[in-house]
1. Given the conditions (1) touching a helix residue (DSSP H, G or I) at 6+ places or on another chain (Cβ under 9 Å); (2) of a type in the set (S, T, N, Q); (3) over 21 Å from residue 73 (Cα atoms); (4) surrounded by fewer than 24 Cβ atoms within 10 Å (Cβ to Cβ), which single one is not true for residue 362?
2. From 259, 266, 274, grab the single residue that is within 30 Å of residue 54 (Cβ to Cβ), touching a Lys or Arg at 6+ places or on another chain (Cβ under 6 Å), in a helix (DSSP H, G or I) and not polar (S, T, N, Q).
3. Taking the residues in region 10-41 that are touching a Ser or Thr at 6+ places or on another chain (Cβ under 8 Å) and not hydrophobic (A, V, I, L, M, F, W, C) as candidates, determine which candidate is modelled with the highest pLDDT.
4. If you go through region 124-154, how many residues are in a helix (DSSP H, G or I) and either of a type in the set (Val, Ile, Thr) or closer than 22 Å to residue 320 by Cα (or both)?
5. Taking region 472-510, which residues are part of a helix (DSSP H, G or I) and surrounded by fewer than 19 Cβ atoms within 10 Å (Cβ to Cβ)?
6. Sort through 201, 273, 230 and tell me the only one that's assigned by TED's automatic domain parsing to the domain that holds residue 348, surrounded by fewer than 20 Cβ atoms within 10 Å (Cβ to Cβ) and within 28 Å of the chain's Cα centre (by Cα).
7. Which members of region 385-433 meet the condition of being small (Gly, Ala, Ser), in a helix (DSSP H, G or I) and surrounded by fewer than 22 Cβ atoms within 10 Å (Cβ to Cβ)?
8. So, restricting to helices (runs of 4 or more DSSP H) that lie completely within region 38-123, which ones have at least 2 residues that are in contact with a Phe, Trp or Tyr (Cβ under 9 Å, 6 or more places away or on another chain), of a type in the set (S, T, N, Q) and within 27 Å of residue 479 (Cβ to Cβ)?
Amino acid sequence: MFNIAGLISIILFYILILAVGIWAGRKKEAGNDSEEEVMLAGRNIGLFVGIFTMTATWVGGGYINGTAEAIYTSGLVWCQAPFGYALSLVFGGIFFANPMRRQGYVTMLDPLQDSFGERMGGLLFLPALCGEVFWAAGILAALGATLSVIIDMDHRTSVILSSCIAVFYTLFGGLYSVAYTDVIQLFCIFIGLWMCIPFAMYNEKVGTLVGNDDVDWIGAVPSSEIAYYMDYGLLLIFGGIPWQVYFQRVLSSKSAVRAQILSYVAAFGCILMAIPPVLIGAIAKATPWNETEYKGPYPLTEQETSMILPMVLQYLTPEYVSFFGLGAVSAAVMSSADSSVLSASSMFARNVYKLIFRQRASEMEIIWVMRVSILIVGVLSTVMALTIPSIYGLWSMCSDLVYVILFPQLLMVVHFKHHCNTYGSLAAYIVAFFVRMSGGEPLLGLGALIHYPGWDGEKQLFPFRTMAMLLSLITLVGVSWFTKWIFESGRLAPGYDLFRCVVNIPEDVEHVGEPAEGGEQLHVMTPGHIGRIYGAAGTLVGKDEMNGRINPALEPDDDMDPAEVEKFHQHGVRGPGGGGGRNTGLPAEVAKTGQTTL
């Protein structure tokens, strides 16, 4: 039966979110379309909004639906996501938030491109991009299925409508719109689900949750699956760190210390926001569904268990209560979709388009590329949500690749960058990819190439994901050390340093040291002007900070001959693309002394 209250709920909620998104977009400084302003909200996100938007990093449609499903199918002990993602925020705050924010990076890929070069950074962009796109597609598909359960609405219509609204306000206001709508969405999730719980819990069809031997919503971990259990736990904790949706919040904070505080508070928020879906999953476990108005197969099949949260709202609560619950589900989905779309677009515009293909692109050009990318990513996610049946399987595979490929490389470049280079990065990438793919992926129908110890005929009980991550880390360090030793010892001539990251580095390009503790950017003094170099990618802006003009000290002189002008453009503004190492993009005398001579 068509749920009129649910339809009204959806319409009102979408109007509210769209209005807040447009209003938040107006907070963007008029006429300021810089990368920082659009991608990072001018690094000016306040404490209150920052807490909500950082919490929304993980609390979304997949989070609340997946938590309820895990409780119903496997029990609380197997519901690892809330605790794993909370710990990922804690460890992210301890080890990554401070150095990343202090360096003044713009995206998560910036330190990787600083150390390994633009092209290697582009290769590392692939698992990050796929993870964001598949995640957005998966939760849009879940929303369509949810609305078809609750209000009998065509799932294609709901997916397209939700995607259009999320893309529109993200396009309009960038991170400002995403952050401020996160506040409204988290309120809707928390209030909407808590309002439904008393009605569902005391429904006459629902048994007791405590002291009922027939209802086991706690679960247990068999001794044979302890390694498998730990593997997934580590995947959630450390694989939950190298995501642009997290670092977009970290890098938008006003200071490094505040970025850490937001991470810790958001970890508590993740646990708090998991309580309602945990209770809903337990209520569903205590419900004999064949005695309710539910007419589907019983016991529930895998397709039905994935929709356990909307089923509780539909069949165990009054219609006027499900009004609020449906708004909560929609809020959760949109808070995830808009973040993923913005994150993927930001990385493409800055780390692929600008640093690989158009190093001289203006900031306005980059912003327009990002806006076009938002549209493309939104359309791609929507099409995938409507056409691919195993979206979750694709996202699961990509999240594994983020863990085994990106985490060890990000860890090294943030804390031990002098012990890794481009050769190690490429070798580690290949090793991690091969080992992970060798384990197969049942959700995608990919068979296992290698049967690791504990293989039960269907899944790998051996922690091969963590093994892949550790092998990747060891390969990164080992190959980097070996190539450094073989070149510096003279056993291989400098000409064989094809990636130009060990000894075959142009003489007029020097490495930049660490930024001063007191600031977040490296500064190069020039006569009467200040040339800015962001810690990320060594990109020289070269603006006169008083009037925004291009710094004349960083332009070629009029009396240079054509050969000198060409050399200046090759090495004076940016180092040669594709090489490893952190190039300042400055003439040697500037890089060495920190200032030009008169």
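1. (1)
2. Exactly one residue qualifies, and that residue is 259.
3. 21
4. So the answer is 10.
5. Matches in region 472-510: 474, 477, 478, 481, 482, 485, 486, 488, 494, 495, 496.
6. Just one listed residue meets the conditions, 230.
7. 393, 396, 399, 427 - these are the residues of region 385-433 that are small (Gly, Ala, Ser), in a helix (DSSP H, G or I) and surrounded by fewer than 22 Cβ atoms within 10 Å (Cβ to Cβ).
8. So the answer is none; nothing clears 2.
The values are calculated or read from the model by the stated rules, or taken from the named source; none is laboratory data. Bear in mind that the values here come from a model prediction, so they are computed numbers and not experimental data. Neighbour counts are summed over all protein chains in view; Cβ atoms, including those assigned to glycine, are modelled from backbone coordinates with ideal geometry.
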